[in-house]
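The values are calculated or read from the model by the stated rules, or taken from the named source; none is laboratory data. No experiment lies behind these values; they were computed from the predicted model shown. When we count neighbours, we look across all protein chains shown, and the Cβ atoms used for this are built from the backbone with ideal geometry, even at glycine. Ligands, DNA and RNA are stripped out before the accessible areas are found, and what is left, the full protein with its side chains, is counted by its heavy atoms. Shrake-Rupley method; radii C 1.70, N 1.55, O 1.52, S 1.80 Å.
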Amino acid sequence: MRFRDRRQAGGELAEILRTRQAEGALSDPLVLALPRGGVAVAREVARVLDAPLDVVVVRKIGAPFQEELGVGAMAGDEVPLLDEDALRHLGIGEAALASVIERERVELRRRERLYRQGRPAPDLRGHTVIVVDDGLATGSTARAALRFVRRHEPARVVLAVPVGSPEAAEAMRAEADEVVCLHRPAAFMAVGLWYENFDQLTDRDVLEALHARL
């Protein structure tokens, strides 16, 4: 099963969540997208649930010698969550990540300023917060987002993704009150393989999606 694009994936995910809403499981929902890719999915979810849409900006921390190899993630001003097993396997100490973490922190703050454009971060207290991304691979960014959200005292936290690795989806059950993952293919490999169109989104795409829900 492959999705045509993020919009279709978001529509299918939204229908499952609308059923949960009708069952009373998603009272007072607020949708938080992981930008950039998660925003296109979350836009459909917010539209169907008639819920506010905002972002939780998370940055992956890559290995110094290979940025695409994630060894952790961070959200807001929180202490980075590092994969200690991965660091040991690679023979990397935390000190070696200092410059990477600082660079990602700068980019995280840039995106938060740009996407909010002076708006305050949403008050999550009392809401059912639905954290949405376009897929779940290792789960490092989702974990950082969920822990960040949890510290802001929502009534309930739901992670919703169209596709994810079975291992990561199972692991996220310890972080969220509910995990909604439409497809958990055994041969997962990478998120982009499960979309026919997986173009990279831009900051402008994120802003357009957010403005549509204001």
**Hey, ALA86 more than 24 Å from VAL161 (Cα to Cα) and among the hydrophobic types (A, V, I, L, M, F, W, C) or not** = yes
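Can ALA209 be described as at pLDDT below 95, open to solvent by less than 30 Å² (accessible area, probe 1.4 Å) and hydrophobic (A, V, I, L, M, F, W, C)? Write out each step before concluding.
Values: at pLDDT below 95: yes; open to solvent by less than 30 Å² (accessible area, probe 1.4 Å): yes; hydrophobic (A, V, I, L, M, F, W, C): yes.
Spelling it out, ALA209 is indeed at pLDDT below 95, open to solvent by less than 30 Å² (accessible area, probe 1.4 Å) and hydrophobic (A, V, I, L, M, F, W, C).
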**Asked** Within the stretch 42-54, is even one residue assigned to a loop (DSSP other than H, G, I, E, B) and either crowded, with 22+ Cβ neighbours inside 10 Å or of a type outside the set (D, E, K, R) (or both)?
**Response** yes
**Complete:** Exception for ASP77 within (1) free of Cβ contacts under 8 Å to residues at least 40 places away in the same chain; (2) in a loop (DSSP other than H, G, I, E, B); (3) in contact with a Lys or Arg (Cβ under 7 Å, 6 or more places away or on another chain) falls at (3)
**Prompt:** Any idea how many residues of the stretch 1-41 are surrounded by fewer than 18 Cβ atoms within 10 Å (Cβ to Cβ), under 23 Å from GLU153 (Cα atoms) and among the β-branched types (Val, Ile, Thr)?
**Reply:** 0
**Message:** Tell me whether the stretch 61-84 contains one or more residues that are under 30 Å from ARG4 (Cβ atoms), surrounded by fewer than 16 Cβ atoms within 10 Å (Cβ to Cβ) and in contact with a helix residue (DSSP H, G or I) (Cβ under 6 Å, 6 or more places away or on another chain).
**Reply:** no
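A quick yes/no check of all residues on (1) open to solvent by less than 40 Å² (accessible area, probe 1.4 Å); (2) in contact with a strand residue (DSSP E or B) (Cβ under 7 Å, 6 or more places away or on another chain); (3) of a type in the set (Phe, Trp, Tyr):
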{"residue": "GLY126", "(1), (2), (3)": "no, no, no"}
{"residue": "ASP133", "(1), (2), (3)": "yes, yes, no"}
{"residue": "ALA145", "(1), (2), (3)": "yes, yes, no"}
{"residue": "VAL163", "(1), (2), (3)": "yes, yes, no"}
{"residue": "GLU167", "(1), (2), (3)": "no, no, no"}
{"residue": "VAL179", "(1), (2), (3)": "yes, yes, no"}
{"residue": "HIS183", "(1), (2), (3)": "no, yes, no"}
{"residue": "ASP203", "(1), (2), (3)": "yes, no, no"}
**Residue count, the stretch 89-108 (criterion: open to solvent by less than 70 Å² (accessible area, probe 1.4 Å), of a type in the set (Val, Ile, Thr) and in a helix (DSSP H, G or I))** = 2
